[in-house]
Amino acid sequence: MGCTTLMMTLNLDHIGQMSCNPAIGGIGKGHLVKEIDALGGEMARAIDETGIQFRILNTKKGPAVRASRAQADKALYRMRMKRVLENCPGLMLRQGSVEALIVEDGQIKGVETQIGECFFGRKVILTTGTFLKGLIHIGDRNYSAGRAGDFAVHGLSESLVGLGFKVGRLKTGTCPRLDSRTIDYSELAVQDGDEPPQPFSFSSHGVVQRQVPCHITYTNSRTHDIIRSAIHRSPMYSGVIKSRGPRYCPSIEDKIYRFADKDRHQIFLEPEGLDTVEVYPNGLSTSLPLDVQVEMVRSIKGLEQAEIMRHGYAIEYDFFEPTQLYSSLETKLVKGLYHAGQINGTTGYEEAAAQGIMAGINAVLSLRGEEALVFSRDQAYIGVLIDDLVTKGTDSEPYRMFTSRAEYRLLLREDNADLRLSAIGHRIGLAGEAEYQRYQGKKAAIDDLIQYLDDNQLNADGETNARLESIGKGPLHNPTKLSQLLRRPEISLSDIRVIYPDMINCSRDVDSQVEVTIKYQGYVNRQNDIVERFQKMEDVRLPEDIDYSQISGISREVREKLLRIQPRSLGQAARISGVTPAAITLLSFYLKKRKSA
Amino acid sequence: MYQEDTIAAIATPPGEGGLAVVRISGPDAEKIARQIFLRPNGRDNQLRSHTLYHGRICDPKNLQSIDEVLLTMMRKPRSYTGEDVVEVHCHGGNFLVRQILTVILTQGARQAEAGEFTKRAFLNGRIDLAQAEAVLDLIRAQTAKGAQLALSQASGELSKYVGELREELLDILVQVEAAIDFPEEEIELLQRHHLAQKITALADKINLIAASYDWGRLFREGAKVCICGRPNVGKSSLLNALLGTHRVIVTPVPGTTRDVIEETLTLDGLPVVIWDTAGIRDTDDQVEKLGVELSRQHLEKADALIVVLDGSVKLTADDRALLHSAGAKKLVMAINKSDLPLVIDPGLFETGEHRRVVRTSALSGTGINELKKTLRELIVGCPIEPPVTVTNLRHRSELVRSADGLQRAVDTLDRGLPPELAAIDLSDAREALEEIIGMVSNDDILERIFSSFCIGK
Ligand SMILES: Nc1nc2c(ncn2[C@@H]2O[C@H](COP(=O)(O)OP(=O)(O)OP(=O)(O)O)[C@@H](O)[C@H]2O)c(=O)[nH]1
Ligand SMILES: [Mg+2]
């Protein structure tokens, strides 16, 4: 967006390093990646160029919850990301560890590194990952590290606490990595990628890397016995780690205790790249001591001889309650300072990237004197993510995106992320001209096709019905508009192309948009109605100078919450946990009175 | 809206009673209590929360003792209103209680407005919306049964039950959502038709309590009953017999009653508004004509009819016409004048859930109790007793909305549409339930997914 920017990182070789599973996307996460892409971000293009297995998940379900996932060649992905940064005009790269913030009168001025070097700037964005006071645990051993192979950062946490920020601690973990040459794949189920692989980016030229399969194996009762008999040596169970880990990505020892009745758990063996023998046994996250890890791994089918190349571990790190942020991701305490990613208590590359791009955009918009870009919950998963963070906080467990977090899921699909956001990405100067042209072309094609389907109809004659029968569909009894026919659940646009060969040709993208628009119109309309109601509350802005102590009848707890969160709108206020509907009624009365006064 | 001042009011109904309660709520409740309350032997009157103290209420101006009382203080937030609350249990008797209240008011409390304690309880989050509404119903209830129904709601029975229904709905949603968000997990999920079955069963439950509204309404507002029949069959006599008084003029002249006479009576707790009407027949008399017209109007409005037949003469064309015009309305045929030799055979009439026959004699009083009993059964008649009763129109319409949402979800599933569309329908249904108890949605679903399924590769 044209600003001179410094990027400070602990290790220039580790830019774009995937500390955990080398995969991008997944349900809810794929949605974020597409949104980032529509805005002009890099993630989708990077994975398209470096992905070695692409799959669309939830294909048997509806379009709203279909999601892309791809595995990356870890090394290629990293190098690709670094190359982009190096070629980015106006961007300086520096290696160093930021240990303190320079703040004057509540305004950020710059940062200071561990060797006393100072950098000054009008905006600072912190994306600290798991590095703040990172502490790796394995068995009863622990050591300071930002992730395996990287140093932790200590001073920065202190600096933030000194500024008045509330700090918290979270835990996450990762799997051991196995040597592919020691795995016996012969009896394991193969999981191939989709053929052809579908790229992520709306402006992609397709997938370029050779595609490779994954394999599936399972834990068994012996694995579980090994874990049970060694559980007292797990830092989680011995009480060494007190912070709670994510429930949706539990360690294998967690799974065995929480779901004692399950006699096996699925493990996906995922290659970490094309030019490496390292394999990521997805599902086997653990912080048990190394000898137990070895024994446990070798109890699993196909892994009897497996060699662990890197051990699994748990890591604890500092994060800062995201309710200390505005929706722009700027901190309430320090003007010009933004937080993005795991520092806000989220987990996942996609969640981090979504916040990163928004913090960057908003820092620039603020420099330009423009209003912050804040997506509403019916506009983007990014909007849902940030609204959840700044309104509800992370509540002792890392926050991950799921489609069920989005109330207006049917409107927020992967396939329409460009239609939702491209114009905005272009307006702020992030998405390129070519992407914008492509988006406009797509929009026009969609409108044309919808019009076409409304304008043309099929006669219920022998020829039509014969064609219908040839693809196993029931006959027509009356002349039917093409759009009407498409509303039948079992009929797709490609079916219609068979029955009505004259139809105009469109790209797959356009077809699927049109299909969704027409097929699910009733539901889409209903969601739109709900959105309208929701927007009424969102549109009631809460002035910044609102004095909550003037509103009689609001309990002290509610008042304190409102003061702390400083919601932008009545709608956001209502989403704060513990703010009762009664309090919202009082607040809305107060606003009306104030307005008329 | 309320000011944060201290309010007081007599909490028990007016009139003579063994005991009465005066309630004070607000920031000064404790201060006021300590000024007017003296414990025996001059013990200090530090008040512990939720403890019952014995002592006297005195006028602090002249230290004159007003009454011997029990007093308890409930410190916020553990009180009815969520504020500091003091309750004075004193002897009943209008004068005494008023005197105590006056002393309290002179100490700086303000007389509470109707429903103000409840309003505060609601605003402070002590009770939910459904409970608050029920308390207001309670205040307005006209009969003992109506009050009982409202009371059970105020104490949260409806909220509790709706809460249970919501739980059931969440369980269903969890199944759907888990399948959507975690398809790679080995989660055993319900088959479509099983899911549809579960949803339908839930919709049935919701429909049942939604239907109970009509039932509850009868108890709150009273049922409307119209006594109708040819002239001179004994309608007015029957009304007198039902009331046990000589309310209406009775003469052997047909066409005695010209206007509609309205009376109320209670049938085992069920309040009934009962109308005695002019005899229905073809007539040229202008005045009588108007009366007949009025009779017909009331017949239409009534929840149930008592069609009076003169059992001592043959059924006439007018009788038949009237029975016919009643259509499917609930009615009891009272074959009156049963003290005389019966000409009409009660067995001739088709009876059923909505039509009953009773033999009465307004003159001797036989069959009157039977008539009352039959009438009540006919009106209240409810095949399955609902587990809770809905007495508020808003609650009923939300329940109907919820059941509709569930029905749509079943349709969506039946049509083979994707599960996230069914989730939209289910969410509508859930929102409707949550609006009854005035609850804002939260992350309950994800919470449940994690506690019931093993998620995470
Ligand atoms: N023997 C006998 N006579 C009755 C009985 N009920 C009413 N009667 C007499 O029937 C006559 C008419 O009674 P009402 O009660 O005025 O009849 P009604 O149906 O109100 O008549 P209208 O108001 O004129 O339509 C009176 O003389 C009553 O005494 C009964 O049960 N047995
Ligand atoms: Mg009469």
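Overview of results
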{"read-out": "B:Val176 vs. criteria within 14 Å of chain A (Cβ to nearest Cβ) and either in a helix (DSSP H, G or I) or in contact with a strand residue (DSSP E or B) (Cβ under 8 Å, 6 or more places away or on another chain) (or both)", "value": "yes"}
{"read-out": "Those residues of the range A:258-316 which are out of contact with any Phe, Trp or Tyr (no Cβ under 6 Å at 6 or more places or on another chain), open to solvent by 50 Å² or more (accessible area, probe 1.4 Å) and in contact (Cβ under 8 Å) with a residue 24 or more places away in the chain, in sequence order", "value": "A:Asp263, A:Asp275, A:Thr276, A:Leu290, A:Glu295, A:Lys301, A:Glu304, A:Gln305, A:Glu307, A:Met309, A:Arg310, A:His311"}
{"read-out": "Check on B:Gly365, in a loop (DSSP other than H, G, I, E, B), open to solvent by 20 Å² or more (accessible area, probe 1.4 Å), over 20 Å from B:Val253 (Cβ atoms) and free of Cβ contacts under 8 Å to residues at least 12 places away in the same chain", "value": "no"}
{"read-out": "Strands (runs of 3 or more DSSP E) wholly inside the range B:253-332 containing at least 2 residues that are within 12 Å of ligand 1 (Cβ to nearest atom), hydrophobic (A, V, I, L, M, F, W, C) and at negative phi", "value": "B:304-310"}
{"read-out": "Inter-residue pairs, beta-carbon under 6 Å, first under 18 Å from A:Ile584 (Cβ atoms) and assigned by TED's automatic domain parsing to the domain that holds B:Met74 and in the range B:114-133, second surrounded by fewer than 22 Cβ atoms within 10 Å (Cβ to Cβ) and aromatic (Phe, Trp, Tyr), 6+ apart", "value": "B:Ala121/B:Tyr80"}
{"read-out": "Qualifying position, being surrounded by 18 or more Cβ atoms within 10 Å (Cβ to Cβ) and free of Cβ contacts under 8 Å to residues at least 24 places away in the same chain, among A:Ile446, A:Ile491", "value": "A:Ile491"}
{"read-out": "Residues (closer than 10 Å to B:Ala223 by Cα and open to solvent by less than 10 Å² (accessible area, probe 1.4 Å)) located in the range B:268-287", "value": "B:Leu270, B:Val272, B:Ile274"}
{"read-out": "Qualifying residue in the range B:285-301 (condition: away from ligand 2 (no atom under 16 Å from the Cβ) and touching a His at 6+ places or on another chain (Cβ under 7 Å))", "value": "no"}
{"read-out": "Count of residues meeting criterion [within 14 Å of another protein chain (Cβ to nearest Cβ) and either of a type in the set (Lys, Arg) or open to solvent by 30 Å² or more (accessible area, probe 1.4 Å) (or both)] in the range A:37-59", "value": "3"}
{"read-out": "Exclusive hit being within 14 Å of chain B (Cβ to nearest Cβ) and either at negative phi or in contact with an Asp or Glu (Cβ under 8 Å, 6 or more places away or on another chain) (or both), set A:Thr347, A:Thr331", "value": "A:Thr347"}
{"read-out": "Sole exception among (1) within 14 Å of another protein chain (Cβ to nearest Cβ); (2) surrounded by fewer than 17 Cβ atoms within 10 Å (Cβ to Cβ) for A:Gln107, by number", "value": "(1)"}
{"read-out": "Filter result for A:Lys74 (over 16 Å from A:Arg210 (Cα atoms) and not hydroxyl-bearing (Ser, Thr, Tyr))", "value": "no"}
{"read-out": "Complete set of residues in the range A:188-239 that are basic (Lys, Arg) and under 27 Å from the mean Cα position of the chain (by Cα)", "value": "A:Arg210"}
{"read-out": "Candidates A:Arg559, A:Arg564, A:Arg526, A:Arg594, filtered to the one that is facing chain B (nearest Cβ under 9 Å), assigned to a helix (DSSP H, G or I) and basic (Lys, Arg)", "value": "A:Arg526"}
{"read-out": "Strands (runs of 3 or more DSSP E) wholly inside the range A:77-118 that include at least 2 residues being over 28 Å from the mean Cα position of the chain (by Cα)", "value": "A:98-104, A:107-113"}
{"read-out": "Lone qualifier among A:Leu178, A:Leu188 - being at pLDDT 95 or above, more than 30 Å from A:Lys332 (Cβ to Cβ) and surrounded by 21 or more Cβ atoms within 10 Å (Cβ to Cβ)", "value": "A:Leu178"}
{"read-out": "Test: residue in the range B:182-192 that is away from ligand 1 (no atom under 16 Å from the Cβ), assigned to a loop (DSSP other than H, G, I, E, B), open to solvent by 60 Å² or more (accessible area, probe 1.4 Å) and in contact with a helix residue (DSSP H, G or I) (Cβ under 8 Å, 6 or more places away or on another chain)", "value": "yes"}
{"read-out": "Residues (open to solvent by less than 10 Å² (accessible area, probe 1.4 Å) and under 17 Å from the mean Cα position of the chain (by Cα)) located in the range A:403-422", "value": "A:Thr403, A:Ala406, A:Leu412, A:Ala417, A:Asp418, A:Leu421"}
{"read-out": "Per-region count, the range A:154-165, residues open to solvent by 30 Å² or more (accessible area, probe 1.4 Å) and modelled with pLDDT of 95 or more", "value": "5"}
{"read-out": "Single condition A:Leu587 does not satisfy, out of (1) more than 29 Å from A:Arg420 (Cβ to Cβ); (2) surrounded by fewer than 19 Cβ atoms within 10 Å (Cβ to Cβ); (3) more than 9 Å from chain B (Cβ to nearest Cβ)", "value": "(2)"}
{"read-out": "Conditions (1) assigned to a helix (DSSP H, G or I); (2) away from chain B (no Cβ under 13 Å); (3) open to solvent by 10 Å² or more (accessible area, probe 1.4 Å): number failed by A:Gly425", "value": "(3)"}
{"read-out": "The range B:98-120: number of residues that are modelled with pLDDT under 85 and among the aliphatic types (A, V, I, L, M)", "value": "2"}
{"read-out": "Unique match (being away from ligand 2 (no atom under 13 Å from the Cβ), at pLDDT 90 or above and either in contact with a Pro (Cβ under 8 Å, 6 or more places away or on another chain) or under 30 Å from B:Asn392 (Cβ atoms) (or both)) among B:Asp268, B:Asp204, B:Asp214", "value": "B:Asp204"}
{"read-out": "The listed residue being open to solvent by 50 Å² or more (accessible area, probe 1.4 Å) and within 16 Å of ligand 2 (Cβ to nearest atom), out of B:Val233, B:Val250, B:Val225, B:Val260", "value": "B:Val250"}
{"read-out": "Test: residue in the range A:441-459 that is farther than 27 Å from A:His31 by Cβ and part of a loop (DSSP other than H, G, I, E, B)", "value": "yes"}
{"read-out": "Matching residues, the range B:230-252, being more than 6 Å from ligand 1 (Cβ to nearest atom) and on the phi > 0 side of the Ramachandran plot", "value": "B:Gly244"}
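Every residue, every condition in (1) within 14 Å of chain B (Cβ to nearest Cβ); (2) of a type in the set (A, V, I, L, M); (3) under 14 Å from the mean Cα position of the chain (by Cα); (4) in a helix (DSSP H, G or I), yes or no:
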residue	(1), (2), (3), (4)
A:Ile24	no, yes, yes, no
A:Ile27	yes, yes, yes, no
A:Gly30	yes, no, yes, yes
A:Glu35	no, no, yes, yes
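The values are calculated or read from the model by the stated rules, or taken from the named source; none is laboratory data. Just so it is clear, the structure is predicted and the values come from calculations on it, not from any experiment. Positions of Cβ are generated from backbone atoms using ideal geometry, with glycine treated the same way; all protein chains shown enter the neighbour counts. With ligands, DNA and RNA removed, areas are computed over all heavy atoms of the protein, side chains included. Shrake-Rupley method; radii C 1.70, N 1.55, O 1.52, S 1.80 Å.
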